[in-house]
Amino acid sequence: MVKAERVRKRFGHLEVLKGIDLEVTPREVLCVIGPSGSGKSTFLRCVNHLEKIDAGRLWVDGQLVGYRQRGEVLHELKESEIAAQRRDIGMVFQRFNLFPHMTATQNVMEAPNRVKGLGRKDAESLARDLLGRVGLGDKADSYPAQLSGGQQQRVAIARALAMEPKLMLFDEPTSALDPELVGEVLDVMKQLALDGMTMLVVTHEMGFAREVGDTLAFVDDGAIVEIGPPRELIANPQHARTKAFLSKVL
Ligand code: ADP
Ligand code: MG
């Protein structure tokens with residue numbers, strides 16, 4: 001679903017990704033941990049075409065998205081191909097960004113209705129099903145302001161699922177939540193993983209990474225320092241930087 005080979009990204013003089021090598025296979029849950037500013041969000045944004053890579057090769061869903069060497073573009077997807085890929089990738093951010101003037105159902109049915117052209121009736125019934133799936137069947141007609149942060153984030157997940165994505169990207173989806181609301185969001189993500197969704201998850205929830213993740217990557221300073229099965233990486237980190245980071249989050 002995702003393959004990165006020596007992917008680099010810079011903003012001006014700041015090199016943010018310094019050669020990322022990574023693979024996410026179908027149905028795999030890859031968790032990414034690492035200090036703030038290490039390039040985690042930037043990598044997700046490259047996968048989701050919100051940023052272009054500066055060097056290396058990046059494949060998404062089997063398609064070579066970008067191939068650059070020494071600043072030269074050797075391959076790039078067309079705008080229409082990028083748009084098609086973006087429809088197949090769901091993304092959930094730290095902040096839920098729901099439309100405040102729309103109910104939960106309206107938030108979820110918006111994209112399938114507008115982007116996919118699904119009729120309003122079908123889009124609404126899809127939205128209600130998805131809200132049921134994230135445990136919010138009884139909140140379908142509530143507005144975001146009437147929902148807790150955890151409930152809003154579950155609506156955001158349902159909204160992403162409404163486009164039937166092949167890949168879900170999560171960028172610290174529980175970091176902005178009060179601690180007592182984190183579990184309900186992680187439970188939904190866990191169920192999604194059990195249902196076979198391919199997921200790339202930036203999180204500092206080590207319990208989730210250990211239990212649900214197939215693979216755990218520790219990123220520091222724009223590079224993957226260590227990657228492997230979560231239990232092994234957590235129990236027996238090989239690098240001093242991984243050890244130091246884990247001692248802060250465990
Ligand atoms: P993380 O998600 O690991 O905290 P980010 O990928 O958000 O890290 O950011 C990595 C570095 O890139 C940070 O120093 C950040 O300030 C910088 N950065 C991110 N986006 C931009 C941008 N659009 N322009 C300039 N600098 C950016
Ligand atoms: Mg980030």
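Find the percent of Cα-Cα distances in segment 123-250 that exceed 22 Å, and round it to a whole number. Mind dumping the intermediate values first?
On the way: 3384 of 8128 pairs.
Counting pairs separated by more than 22 Å, the tail of P(r) holds 42 percent.
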If packing is taken as the mean number of other Cβ atoms within 10 Å per residue, what is the order of 215-222, 50-57, highest first? 215-222, 50-57
In whole Hz and in residue order, list the ³J(HN,Hα) couplings for segment 149-164 that follow from phi through the Karplus curve 6.51 cos²θ - 1.76 cosθ + 1.60, θ = phi - 60°; x for Gly and Pro. x, x, 5, 4, 5, 5, 4, 4, 5, 4, 4, 5, 5, 4, 8, 6
How far is the Cα center of segment 137-162 from the Cα center of segment 15-33, in Å? 28 Å
Quick check of the Kirkwood formula: for segment 181-243, what is the inverse mean of 1/r over all pairs of different Cα atoms, in Å? 12.5 Å
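Could you tell me what percent of the DSSP beta bridges with both partners in the chain are antiparallel, to the nearest 5? Display every interim value, and only then the final one.
Working: 27 of 44 bridges.
Of all bridge pairs located within the chain, approximately 60 percent are antiparallel.
Inverting the mean 1/r over all pairs of different Cα atoms, compute the Kirkwood radius of segment 100-164 and quote it in Å. Let's see the in-between values first.
Numbers: mean 1/r = 0.0897 Å⁻¹.
Result for segment 100-164, one decimal place: 11.2 Å.
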Please report how far the C-alpha centroid of segment 189-227 lies from that of segment 106-130, rounded to the nearest whole angstrom. 29 Å
GNM of the chain, Cα pairs under 10 angstrom: of Ala127, Ala83, Ala104, the biggest fluctuation goes to Ala83
Would you calculate a helix-derived [θ] at 222 nm for the chain, using -39,500 (n - 2.57) for each DSSP H run of n ≥ 4 and dividing by the full residue count, to the nearest 500? -11000 deg cm²/dmol
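Hey, what does the equivalent ellipsoid look like for the chain, semi-axes from the Cα gyration tensor as sqrt of 5 times each eigenvalue, largest first, whole Å?
On the way: eigenvalues 183, 109, 43 Å².
Over the Cα atoms of the chain, the ellipsoid semi-axes are 30, 23, 15 Å.
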Count the lysine pairs in the chain that are 8 or more places apart or on different chains: how many have C-alpha atoms under 22 angstrom apart? 25
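Throughout, read-outs are computed from the coordinates displayed, never taken from laboratory work. Keep in mind that this is a model prediction, so the values were computed, not measured. For neighbour counting, all protein chains shown are included, and Cβ atoms are generated from backbone atoms with ideal geometry for every residue, glycine included.
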